[in-house]
Amino acid sequence: MILSRKAVGPWLLLTPALLFLCIFFVYPLCNMLARSAFDPAPTLRHYTRLINEPAYLRVLLTTFEISLSVTLSALVIGYPLAYFLSQLKLRTANFLMVLVIVPYFTSVLVRTYAWMVLLGTEGILNQVLLGLGLVTRPLAIMFSRTSVVIGMTYILLPYMVLALYSVMRGIDTHLLHAAESLGAGRIRAFWRVFVPLSMPGVAAGGLLVAILSIGFFITPALMGNQQDSMISMLIEAQVETYFDWGFASALASILLACTLLLFLAYDRMVGLNRLFEAKQ
Amino acid sequence: MKPRQTGWFVKLCAFFALTYLTVPILVIIPLAINSSDYLRFPPQGISLRWFMTVLESSAWMGSAAVSLQIALTSTLLGVSLSMLAAVALVRARIRFKQAVYALILLPMIVPNIISAIAMFFFFADIQLGSGSLAIIIGHTVLAVPVSVIILCATLQGVDSRLESAALSLGADRFTAFRRITLPLIAPGIASAAIFAFLSSFDELVIALFMASPSTQTLPVRIWNAVLFQLDPTIAAVSTLLILVSALCLVAANTLSMRFKARM
């Protein structure tokens, strides 16, 4: 062992990182939680304001709805792709995987901009559709819930595909061949053997996309509208426009609680360790 | 695994998904080399004028310099902190390891909008205010989980018996680490640095809250420009950013291949 077995050595190495995170991240977070409930005397007025105002409840509901739509869309689009890739030779799959990885590592802002250019009223889609005479008036997709879901699904799809693929790669195809040789049709073998075995991937991908979409800011802020505001947009507005830090903190605390709850489910079902081990 | 044929329906769906993933990125490039004043598709004539506009603009180049400076500093800080932590996490048996993992991962799990406002309030409280330093601290916090994950994975790939051998041959712990472990994990450190760099260089939300008029990072400037109008200059900047990401990926991939070859 390069580290002494005495317990002091490792903690000495961990201290700088942990101290940095505690001072600049954990403490500010706790401070924010406190700000939502103290003013300076303990108060629940920020939370009661949230509950008593239908407009704010609507924002919460919209956030969950969009999150759910994005997770399901990503699953529906990602599952066949991951399945297809998992059945290819490793070399071919790795080659096609580049098309998943490159968007994954491209700036979210750039990718959102691309969709704004594609879907805008004078955007490329409308230019093409008008040019072909398929529509007479430009489609109003942009700045709607549809455009937000399209954009967010696009941004988060790589997470889903990677989570599904890593599980599907591990599924022994002999099992499918065995099912088929025992008389199951191809489709039946897929649904009864492959799909149940791929469920850990569905759980991992689904929870990951849900966690990421619930607090998403950039894409809904640029592609959405005020009526379909997500909680992250409301938080930003409370800080930047209304300077109501207490209320912003309360909203952020609720978002944080939802995120951590989902993450707890992720830890139970998938395991936090998987992020550290067996990667790469 | 034995390859298995998939049906036409699956192939069709996969083709659709790959198109969905690829087209938006590919669409930016022809728009950037468009010679007209507006975003026209298909482009009417090819020119590099929008790239020249970006390269000659002191505002855009200033932002690029700010972004570069912030990304490099937070990468250096983040990777150094992570390096020490990763050695402890992989090589030692420590108590509360789960809790330490969770704490280190936290910045990755907490939505950036929450991290951003929490730090924004904190910096206001301690009167650090906005500007480069605030953004660097914020981005270092984000860089730590990214690099710890990569460094842990790399360290797990290095046989700890090599270190034990060096120790038994009389090297002290620091020498063993410097002469044996460090060269072996060098590619991992480099790829941790690349991904930490990218996570800062492309980060918008924290930078948006911490930006002062003189420290607008590239994403912040793009954000402000996009809110205003979608002119081809942004397409050119975006193309350059896509290029940076692609270069980083190629570099990381080359490194990991070299790493595997060495193992």
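Suppose the filter is within 9 Å of chain A (Cβ to nearest Cβ), closer than 30 Å to B:Phe174 by Cα and at pLDDT 85 or above; does B:Ile25 pass it?
Numbers: within 9 Å of chain A (Cβ to nearest Cβ): yes; closer than 30 Å to B:Phe174 by Cα: no; at pLDDT 85 or above: yes.
Against the criterion (within 9 Å of chain A (Cβ to nearest Cβ), closer than 30 Å to B:Phe174 by Cα and at pLDDT 85 or above), B:Ile25 does not qualify.
Can you pull out the residues in region B:237-263 that are of a type in the set (Ser, Thr, Tyr) and either modelled with pLDDT of 90 or more or open to solvent by 50 Å² or more (accessible area, probe 1.4 Å) (or both)? Full working, then the answer.
Here is the first cut: in region B:237-263, the ones of a type in the set (Ser, Thr, Tyr) are B:238-239, B:245, B:254, B:256.
Within region B:237-263, B:Ser238, B:Thr239, B:Ser245, B:Thr254 qualify.
Can you run down the residue pairs with Cβ atoms below 6 Å, 6 or more apart or on separate chains, where the first is in region A:153-169 and facing another protein chain (nearest Cβ under 10 Å) and the partner is of a type in the set (Phe, Trp, Tyr)?
Qualifying pairs under 6 Å: A:Pro158/A:Tyr104.
Does region A:242-254 include one or more residues that are of a type in the set (S, T, N, Q), within 11 Å of chain B (Cβ to nearest Cβ) and open to solvent by 10 Å² or more (accessible area, probe 1.4 Å)?
Pass one, region A:242-254, residues of a type in the set (S, T, N, Q): A:249, A:253.
Next, from what is left, pick out any that are within 11 Å of chain B (Cβ to nearest Cβ): A:249, A:253.
With the extra rule that they be open to solvent by 10 Å² or more (accessible area, probe 1.4 Å), the set shrinks to A:253.
Yes, region A:242-254 has at least one match.
In this structure, does B:Phe197 turn out to be touching a helix residue (DSSP H, G or I) at 6+ places or on another chain (Cβ under 6 Å), open to solvent by 10 Å² or more (accessible area, probe 1.4 Å), aromatic (Phe, Trp, Tyr) and more than 10 Å from chain A (Cβ to nearest Cβ)?
Details: touching a helix residue (DSSP H, G or I) at 6+ places or on another chain (Cβ under 6 Å): yes; open to solvent by 10 Å² or more (accessible area, probe 1.4 Å): yes; aromatic (Phe, Trp, Tyr): yes; more than 10 Å from chain A (Cβ to nearest Cβ): yes.
Yes.
State all residues of region B:82-103 that are open to solvent by less than 10 Å² (accessible area, probe 1.4 Å) and more than 7 Å from chain A (Cβ to nearest Cβ); if no residue qualifies, say none.
Across region B:82-103, the qualifying residues are B:Ala86, B:Leu89.
Can you find even one residue in region A:38-45 that is in a helix (DSSP H, G or I) and more than 26 Å from the chain's Cα centre (by Cα)?
Yes, region A:38-45 has at least one match.
It is to be established whether one or more residues within region B:120-128 are more than 30 Å from A:Leu255 (Cα to Cα), facing another protein chain (nearest Cβ under 9 Å) and either at pLDDT 95 or above or crowded, with 16+ Cβ neighbours inside 10 Å (or both).
So in region B:120-128, the residues more than 30 Å from A:Leu255 (Cα to Cα) come out as none.
Checking region B:120-128: not a single residue is more than 30 Å from A:Leu255 (Cα to Cα), facing another protein chain (nearest Cβ under 9 Å) and either at pLDDT 95 or above or crowded, with 16+ Cβ neighbours inside 10 Å (or both).
Quick one: would you say A:Ser198 is within 12 Å of the chain's Cα centre (by Cα), open to solvent by less than 10 Å² (accessible area, probe 1.4 Å) and closer than 30 Å to A:Tyr165 by Cα?
Numbers: within 12 Å of the chain's Cα centre (by Cα): no; open to solvent by less than 10 Å² (accessible area, probe 1.4 Å): yes; closer than 30 Å to A:Tyr165 by Cα: yes.
For A:Ser198, the condition - within 12 Å of the chain's Cα centre (by Cα), open to solvent by less than 10 Å² (accessible area, probe 1.4 Å) and closer than 30 Å to A:Tyr165 by Cα - is not met.
Conditions (1) at pLDDT 95 or above; (2) surrounded by fewer than 19 Cβ atoms within 10 Å (Cβ to Cβ), marked per residue:
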{"site": "A:Leu13", "(1), (2)": "no, no"}
{"site": "A:Ala17", "(1), (2)": "yes, no"}
{"site": "A:Tyr27", "(1), (2)": "yes, yes"}
{"site": "A:Leu44", "(1), (2)": "no, yes"}
{"site": "A:Tyr47", "(1), (2)": "no, yes"}
{"site": "A:Ile51", "(1), (2)": "no, yes"}
{"site": "A:Val70", "(1), (2)": "yes, no"}
{"site": "A:Pro80", "(1), (2)": "yes, no"}
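Per-residue answers, yes or no, for (1) open to solvent by less than 20 Å² (accessible area, probe 1.4 Å); (2) in a helix (DSSP H, G or I); (3) at positive phi; (4) more than 7 Å from chain A (Cβ to nearest Cβ):
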| position | (1), (2), (3), (4) |
| --- | --- |
| B:Ile70 | yes, yes, no, yes |
| B:Leu77 | no, yes, no, yes |
| B:Ser80 | no, yes, no, yes |
| B:Leu105 | yes, yes, no, no |
| B:Ile113 | yes, yes, no, no |
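Within region A:102-127, can you find the residues that are β-branched (Val, Ile, Thr), free of Cβ contacts under 8 Å to residues at least 60 places away in the same chain and more than 7 Å from every other protein chain (Cβ to nearest Cβ)? Can you show your working first?
We begin by selecting, within region A:102-127, every residue β-branched (Val, Ile, Thr); these are A:102, A:106, A:108, A:110, A:112, A:117, A:121, A:124.
Checking which are free of Cβ contacts under 8 Å to residues at least 60 places away in the same chain leaves us with A:102, A:106, A:110, A:117, A:121, A:124.
A:Thr121, the sole residue that qualifies.
What number of residues in region A:138-194 are open to solvent by less than 30 Å² (accessible area, probe 1.4 Å), of a type in the set (A, V, I, L, M) and in a helix (DSSP H, G or I)?
Residues in region A:138-194 being open to solvent by less than 30 Å² (accessible area, probe 1.4 Å), of a type in the set (A, V, I, L, M) and in a helix (DSSP H, G or I): 15 in total.
The values are calculated or read from the model by the stated rules, or taken from the named source; none is laboratory data. What you see is a predicted model, and the numbers here were worked out from it, not measured in a lab. FYI the Cβ positions are ideal-geometry reconstructions off the backbone, even for glycines, and counts take in every protein chain you see. SASA here: full protein model, heavy atoms, side chains in, ligands and nucleic acids out. Shrake-Rupley method; radii C 1.70, N 1.55, O 1.52, S 1.80 Å.
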